[in-house]
1. Please compute the contact order of the chain in relative form: average sequence separation of alpha-carbon pairs under 8 Å and at least six residues apart, divided by the residue count, as a percent.
2. Please check: in the Gaussian network model of the chain (C-alpha springs, under 10 Å), which one of K23, K139, K80 has the largest mean-square fluctuation.
3. Stretch V33-K137 to full length: gain in nm at 0.36 nm per residue minus the Cα-Cα span?
4. In whole Å, what are the extents of the chain along the principal axes defined by its C-alpha atoms, from largest to smallest?
5. Under a GNM of the chain (C-alpha, springs under 10 Å), which listed residue has the highest mean-square fluctuation: L133, L164, L48?
6. Exposed loop chymotrypsin sites (Phe, Trp or Tyr not before Pro) only (DSSP loop, at most 16 other Cβ atoms within 10 Å): please give the longest stretch of the chain free of them, not including the sites.
7. Pop the C-beta distance of K169 and Y190 into the FRET formula with R0 = 22 Å and round what comes out to the nearest 0.05.
8. With every protein chain kept in place and ligands, DNA and RNA left out, what is the accessible area per residue of the chain? Probe 1.4 Å, answer in Å².
Amino acid sequence: CTIKRLKQNSFNIPIAVITSDKKTDKPIEDFCVRNNIPFYKGSLENVLERFESACEFFCEEFFIRISGDSPLIDPNLVDKAFEIHKDKGGDLVTNIMNRTFPKGQSVEIISKKAIKKLKNFDLTKDEKEHVTLGFYKNKDKFQIINFETKSKKYSLQQQSIDTLDDFLKIQNLIKTNSDIFDLSWLEIYYIIENMKK
């Protein structure tokens, strides 16, 4: 679902799966092979290093990070982040430093140069595992551009899959809405709100 949504971006941005080299993630590698999706395997714990190595492997100067737990990601948000990146550059373009979008609609564009700079900091285990945590903790040392929507209320809704309940809710959402892959994050927001009534 995540990849299907991402392929609808307006800029033909290439998609790759960045996973770990552990046996437990072998099914992800197998999925990529079956579906002809480029992938890169790296450290399970040091995800920051994994992404830097993936940039080297794919010969890219930046990457757009979308978590695999976001099957409803809106490609229009990817477009918006990419347009900001093209126009203003920056170390990190994000919509979560001040979160106003639902969880599951997170977009981050990070430059390889910024990762190299961040690696010079005395990073904790968490900052190595969670790719952008170090940027947010040291936000005064990086050029971070955050984009927002009009109301913080949207950020209270869960559109990502963190629990079994989340999975079942989104599975039901997909089954009962045949046009789900054409809907915006906001349209999905109102469908989920109406499901609560």
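The values are calculated or read from the model by the stated rules, or taken from the named source; none is laboratory data. For clarity, every value in this text was computed on a predicted model and none was experimentally measured. Neighbour counts run over all protein chains shown; Cβ positions are idealised from the backbone, glycine included. Only protein heavy atoms, including side chains, enter the accessible area calculation; ligands, DNA and RNA are left aside. Shrake-Rupley method; radii C 1.70, N 1.55, O 1.52, S 1.80 Å.
1. Numbers: 278 pairs, mean separation 44.1, N = 197.
Averaging sequence separation for qualifying contacts and normalising by length gives 22 percent for the chain.
2. K23
3. Values: separation 104, 0.36 × 104 = 37.44 nm, distance 3.67 nm.
Between V33 and K137, full extension yields 33.8 nm more.
4. Result for the chain: principal-axis Cα extents of 50, 40, 32 Å.
5. L164
6. Numbers: sites that count: F11, F121.
No qualifying site falls inside 12-120, the longest such stretch.
7. Values: r = 15 Å, r/R0 = 0.67.
Here the calculated transfer efficiency is 0.90.
8. 56
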